[in-house]
1. Confirm whether residue 36 is more than 12 Å from the chain's Cα centre (by Cα) and assigned to a strand (DSSP E or B).
2. How about the range 24-47: which of its residues are open to solvent by 50 Å² or more (accessible area, probe 1.4 Å) and touching a residue at least 40 places away in the same chain (Cβ under 8 Å)?
3. Name every residue in the range 119-130 that is open to solvent by less than 40 Å² (accessible area, probe 1.4 Å) and modelled with pLDDT of 90 or more, in order of residue number.
4. Filter the range 36-55 for residues that are within 20 Å of residue 77 (Cα to Cα) and of a type outside the set (Gly, Ala, Ser) and give the result.
5. Limited to the range 32-71, what total is found for residues that are out of contact with any strand residue (DSSP E or B) (no Cβ under 7 Å at 6 or more places or on another chain) and over 21 Å from residue 22 (Cα atoms)?
Amino acid sequence: YSNNIGEAYFDNISLQLEPTETVVEYDYYSNGKVKTQTTDSNMILYTYNANGDVVDVATRTSWAHYNYADDSNPYRVSSVETYTRLNYPPYELTDAQSIYNSLFASSTLKTKTSYTYNAYGLVTETTVEDSKEDDDAKKQKSTSTTTYNVLPGSRIFGSVYSSTDASGATTRYY
């Protein structure tokens, strides 16, 4: 509990050995958000926007970039882009920022997942686009849709009514 002002009191503290016996170390930004999560063989780096929302989650081999909707709900994710590396950053790079810079310099967009919401903030459509092809006509795209029970006053308001997967199969829920 270092670098904090004031006192902290803890009750019923216990130490627990993780089943994998892996120690996880966290580093934080000055605003208290997690910057890195490090284990023996991996580091995950997080970056945030001005609202405090996660923008990038990066490892040595891949990263995800989150885009947020420009509507009345600034926390609503509009799409997630996943990238893979063509070659891994050298393991002598242990500084999070160096790994981050190396990762972004040689990454390729793999998929883009886009989300559409209804007026209640529920995801109604999810589209996954495979970005391996340069030609838009050859890119694979799959869309799934979900409808919800949104009758005002309903005891099951917000529950899923039906879902249609990318192959067109519809499942109804009662």
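The values are calculated or read from the model by the stated rules, or taken from the named source; none is laboratory data. Treat the numbers as computed from the prediction; the structure is a model and nothing was measured. All Cβ positions, even for glycine, are placed from backbone atoms using ideal geometry, and neighbour counts span all protein chains on display. Quick note on the areas: whole protein, heavy atoms, side chains included, nothing else; ligands and nucleic acids left out. Shrake-Rupley method; radii C 1.70, N 1.55, O 1.52, S 1.80 Å.
1. Working: more than 12 Å from the chain's Cα centre (by Cα): yes; assigned to a strand (DSSP E or B): yes.
For residue 36, the condition - more than 12 Å from the chain's Cα centre (by Cα) and assigned to a strand (DSSP E or B) - is met.
2. If the condition is that a residue be open to solvent by 50 Å² or more (accessible area, probe 1.4 Å) and touching a residue at least 40 places away in the same chain (Cβ under 8 Å), then 27, 35 are the ones that fit.
3. 124, 126, 127
4. Keep residues of the range 36-55 that are within 20 Å of residue 77 (Cα to Cα), which gives 45-55.
Once the filter is applied, which keeps residues that are within 20 Å of residue 77 (Cα to Cα) and of a type outside the set (Gly, Ala, Ser), the range 36-55 yields 45, 46, 47, 48, 49, 51, 53, 54, 55.
5. Of the residues in that region, 6 qualify.
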